[in-house]
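**Student:** Encoded as structure tokens, here's the structure I'll be asking about.
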Amino acid sequence: MMIRVVVIYISILFFAKPVHAKSTTQFALAEQCPPSFELINGRCHLVNRYQIYDSVQNRGVGGTQTSLPKHRDGFTPAQIDLGRFLFFDPALSQDGSISCASCHQPEKGFSDDLDRSIGVTGEKVARSAPSLWNVAFLDKFFWDARANTLEQQASGPLFDKKEMGNTPKQLLATLRSNPHYPRMFAQAFPELSLIELNHIYTALTAFQSSLISLNSRYDQYAHGYHDALTQNEIKGHNIFRSFVARCAECHQPPLFTNNQIAVIGVAEGQNRMFDVGAEKTYKAKKLRGGFKVPTLRNIVKTAPYMHAGNFSELRDTVEFYNKGRGHAVPENEKLQLHWHIWEPKLTDKELDLIVEFLGALTDESLTPQVPMAVPSGLPPLDGQYQISNNNKKFTSTEKVLGE
């Protein structure tokens, strides 16, 4: 407990500097690493308790005490902090209306409470906003795994016409002409002579790699403090990892995802065409309707659930896996369902216990501070944009972007 308090206190100190858009001196980038990172030779390296464990083939899978897979770190404090300002700055969108944080809001598990996010056009995009916690450990991004690096992922929303709608030319012009960004980029990238797209991608990657959530009550339990979980949560955990429920075979601890593609046969929403998912990415029929297994870290903060917000409640999401193999597959679809999808026949009480356990995966102790101001002078987090546009009605049959 004392360690956690110290971590939170350090976090407040690190991001406590007030900033104002009109001053050129008050956007000084951090010189220290975020909490849980150690500064070695000018670069930030992640430190966590899972590093004392081994795992099978170094894949980060196994029991409660197992190591994590390879991860991204080694960025400078300035690169991480520059990425933070960019992440919260609506200047990155075509019309300055939304930022990365509009769809990945810190207090909502870095998602947005919507079944599908709303972009600059005011329309809903094809899929929901996935959580960004622990993305440093992943090697597949987007629901359909069409990006292999965080840098590739960053370019997607920026230039997607329905998401942030920007163009490389306009984005570079915006940042190069800003009174603050050229100096900030020069601090983060000393070799830089002119802001280029790769600098933007690197800074966003650096910031997202700092979003670490590994100090939940489950983690404390895994490290040996058994009183960290209630008796019901321990029962739920045992059901979760049992050979009957098989939840942990795809949602493998410590990350609670194996970062693989799974075809589970979830139904699309009303008036929604079938989303082919990873079939398009891999040009593989067997992956039709397949999506990346999401992490369950901070899962109680990220409703609604599945790739298109198919379930509003976590209990209903868990129950989906108990209703029988293929029960929701459309009649005209023949899917190659994952072999772990079967009929575990769990009782209502057992389903409740799993949900109770999932609540123990919440840890937001390393949530970064939202900037009080960003270099563009625009509101740093426009949560109202999503709220005001969420009332729009979409009555026609919508074609998903994945097709």
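**Student:** Where q = 0.13, 0.22, 0.23, 0.24 Å⁻¹, what log10 of I(q)/I(0) comes from the Debye formula for the range 295-376, counting one point per Cα?
**Tutor:** -0.57, -1.18, -1.23, -1.28
**Student:** From the cross-link list 235/323; 124/285; 124/301; 283/323; 280/334, which pairs have alpha carbons spaced over 19 Å apart?
**Tutor:** Violating the 19 Å limit, Cα to Cα: 235/323; 124/285; 124/301; 283/323.
**Student:** So in the chain, which Cys have no other cysteine's beta-carbon sitting under 4.7 angstrom from theirs?
**Tutor:** Here 100, 103, 247, 250 come out as lacking a disulfide-compatible partner, given the Cβ-Cβ threshold of under 4.7 Å.
**Student:** Select from 211, 68, 194 the residue whose mean-square fluctuation is largest in a Gaussian network model of the chain (Cα-Cα springs shorter than 10 Å).
**Tutor:** Between 211, 68, 194, it is 194 that shows the largest mean-square fluctuation.
**Student:** Classify the range 215-357 as rounded, prolate or oblate from the Cα gyration tensor: take a ≥ b ≥ c as the square roots of its eigenvalues, call it rounded if a/c is under 1.5, otherwise prolate when a/b beats b/c and oblate if not.
**Tutor:** Note, shape of the range 215-357 comes out prolate.
**Student:** What residues have an amide H closer than 5 Å to that of residue 46, excluding those fewer than 5 places away on the same chain, when H is modeled at 1.01 Å from N in the peptide plane?
**Tutor:** Residues meeting the criterion, in which the H sits 1.01 Å from N, are 38, 74.
**Student:** In addition: Which links in 108/169; 140/345; 70/292 stretch past 20 Å when you go from one Cα to the other?
**Tutor:** Among 108/169; 140/345; 70/292, the Cα-Cα distance tops 20 Å for 108/169; 140/345.
**Student:** Rounded if a/c is under 1.5, else prolate if a/b is larger than b/c, else oblate: which is the range 119-166, with a ≥ b ≥ c the root eigenvalues of its Cα gyration tensor?
**Tutor:** Prolate.
**Student:** Moving on to the next point. For the chain, what does the equivalent ellipsoid look like in terms of its semi-axes, each the square root of 5 times an eigenvalue of the Cα gyration tensor, given largest first in whole Å?
**Tutor:** 34, 27, 18
**Student:** Are there trypsin sites (Lys or Arg not before Pro) in the range 84-188 that DSSP puts in a loop and that have at most 15 other Cβ atoms within 10 Å, and which ones?
**Tutor:** 161
**Student:** In a Gaussian network model over the chain where Cα atoms closer than 10 Å are linked, find which of 28, 78, 206 has the largest mean-square fluctuation.
**Tutor:** The residue that fluctuates most here is 28.
**Student:** Of all the accessible heavy-atom surface of the range 165-231, with the other protein chains kept in place and a 1.4 Å probe, what percent is carbon and sulfur?
**Tutor:** Carbon and sulfur: 55 percent of the exposed surface of the range 165-231.
**Student:** Sticking with this structure for a sec: Springs between alpha-carbon pairs under 10 angstrom, Gaussian network model over the chain: which of 55, 209, 193 fluctuates most?
**Tutor:** Looking only at 55, 209, 193, the biggest GNM fluctuation is shown by 193.
**Student:** Now a separate question. Determine the dipole magnitude for the chain: charges of +1 sit on the beta-carbon of Lys and Arg, -1 on that of Asp and Glu, nothing else is charged, the reference point is the Cα centre, and the result goes in debye to the nearest 20.
**Tutor:** The calculation lands at about 640 debye.
**Student:** Under 5 Å between amide hydrogens, which residues at least 5 positions from residue 147 or on another chain qualify, with H placed 1.01 Å from N in the peptide plane?
**Tutor:** The answer is 141.
**Student:** For the range 119-241, restrict the atom set to alpha-carbon positions and state the Rg and Dmax in Å.
**Tutor:** So, for the range 119-241, Rg and Dmax equal 19.9, 59 Å respectively.
**Student:** With both bridge residues required to lie in the chain, what share of the DSSP beta bridges run antiparallel, to the nearest 5%?
**Tutor:** So the antiparallel bridges amount to about 85 percent of the total.
**Student:** Counting alpha carbon pairs within less than 8 Å and at least 6 residues apart, what relative contact order, in whole percent, applies to the chain?
**Tutor:** 22
**Student:** Rounded, prolate or oblate for the range 22-133? Axes are the square roots of the Cα gyration tensor eigenvalues, ordered a ≥ b ≥ c, and the cut-off for rounded is a/c under 1.5.
**Tutor:** Verdict is oblate for the range 22-133.
**Student:** Under the rule of -39500 (n - 2.57) per DSSP H run of 4 or more residues, summed and divided by the residues of the chain, what mean residue ellipticity at 222 nm is obtained, to the nearest 500 deg cm²/dmol?
**Tutor:** Here the helix-only value at 222 nm equals -8000 deg cm²/dmol.
**Student:** Which listed residue (86, 177, 145) has the Cα farthest towards the positive end of the charge dipole for the range 56-204, taking +1 on Lys and Arg C-beta and -1 on Asp and Glu C-beta about the Cα centre?
**Tutor:** After comparing all options, I get 145.
**Student:** Which log10 I(q)/I(0) values, to two decimals, does the range 68-182 give at q = 0.15, 0.16, 0.23 Å⁻¹ under the Debye formula with one point per Cα?
**Tutor:** -0.70, -0.80, -1.54
**Student:** Give a residue-ordered list of calculated ³J(HN,Hα) values for the range 149-161 (Karplus: 6.51 cos²θ - 1.76 cosθ + 1.60, θ = phi - 60°; whole Hz; x for Gly, Pro).
**Tutor:** 9, 5, 5, 4, 4, 4, 6, x, x, 4, 10, 6, 4
**Student:** Moving to a separate point now. Using alpha carbon centroids, what distance separates the range 119-156 and the range 70-105, in Å?
**Tutor:** Value for the Cα centre distance between the two parts: 13 Å.
**Student:** Quick one: which residues, 5+ away or cross-chain, put their amide H under 5 Å from the amide H of residue 277? H built at 1.01 Å from N.
**Tutor:** Placed amide hydrogens put 289 under 5 Å from residue 277.
The values are calculated or read from the model by the stated rules, or taken from the named source; none is laboratory data. What you see is a predicted model, and the numbers here were worked out from it, not measured in a lab. Note that each Cβ is placed from the backbone with ideal geometry, even for glycine, and that neighbours are counted across all protein chains shown. Areas reflect the complete protein model, heavy atoms only, side chains present, ligands, DNA and RNA absent. Shrake-Rupley method; radii C 1.70, N 1.55, O 1.52, S 1.80 Å.
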